[in-house]
Amino acid sequence: EIYTLSLHDALPILQSTPVSELLCIAMLTMSCYYMLAWIHSDKLGHLLATAGSVCLATFTRYDAWLYFTVLFVLIVIVGLVKGHKRAQISGNLLVFSILGALGIGLWIAWCKIMFNDPLYFLHTRLLSTSALRTSVSALSTSASIWQPLHFFASAALQTLGPILGI
């Protein structure tokens, strides 16, 4: 007997498309590993691997854009703590930024080419109005920057636990 799959039977299969959180988490985990390896060894290959994994993470989610910024600042701090010369810190930042920010730059260029607005993703209509109202009211920064930082810190502590969070 031959079984044919109708469109009605296929709908549950088609609706289960994966999202990019797991890929982003995997890339950020890999970047943490290589960043720690770079801090311990000062090998350029580890810094390049960090930048490459951050680049891939920035392709998947906007959350990684902030992570890129944090690692950028961390490179400066590590260089100052280790007593590196200004030229070496600048070189490390340049190496990290060229590859690490590639995903961000390509996304902004794509928005410019496709929508004639490089910041199109900031005011897109793809969000539902209820989700937009919830996020704006919950994370409004008009009164204080501490409210969204509190939400971020709470989520990080719940995810990591107190020992890793500290």
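The values are calculated or read from the model by the stated rules, or taken from the named source; none is laboratory data. Values in this document were obtained by computation on a predicted structure and should not be read as measured data. Counting neighbours? That spans all protein chains shown, and the Cβs are built from the backbone with ideal geometry, glycine included. Side chains included, ligands, DNA and RNA excluded: accessible areas come from the protein's heavy atoms. Shrake-Rupley method; radii C 1.70, N 1.55, O 1.52, S 1.80 Å.
Within the stretch 81-114, the residues that satisfy the criterion of being part of a helix (DSSP H, G or I), within 22 Å of G45 (Cβ to Cβ) and either free of Cβ contacts under 8 Å to residues at least 24 places away in the same chain or open to solvent by 90 Å² or more (accessible area, probe 1.4 Å) (or both) are V81, A87, Q88, I89, S90, G91, L93, L94, I98. Examine the stretch 87-96 for a residue that is within 11 Å of the chain's Cα centre (by Cα), of a type in the set (A, V, I, L, M, F, W, C) and under 23 Å from C24 (Cβ atoms), and state whether such a residue exists. Looking for residues that are within 11 Å of the chain's Cα centre (by Cα), of a type in the set (A, V, I, L, M, F, W, C) and under 23 Å from C24 (Cβ atoms), one finds none in the stretch 87-96, hence no.
Please tell me if L48 is at pLDDT 95 or above, surrounded by 14 or more Cβ atoms within 10 Å (Cβ to Cβ), under 28 Å from T159 (Cα atoms) and of a type in the set (A, V, I, L, M). Taking the combined requirement at face value, the residue satisfies it. If you go through the stretch 51-71 and keep only what is of a type in the set (F, W, Y) and either open to solvent by 70 Å² or more (accessible area, probe 1.4 Å) or assigned to a loop (DSSP other than H, G, I, E, B) (or both), you end up with F59, Y62.
Name every residue in the stretch 3-40 that is part of a loop (DSSP other than H, G, I, E, B), open to solvent by 70 Å² or more (accessible area, probe 1.4 Å) and modelled with pLDDT under 50, in order of residue number.
The answer is Y3, T4, L5, Q15, S16, T17.
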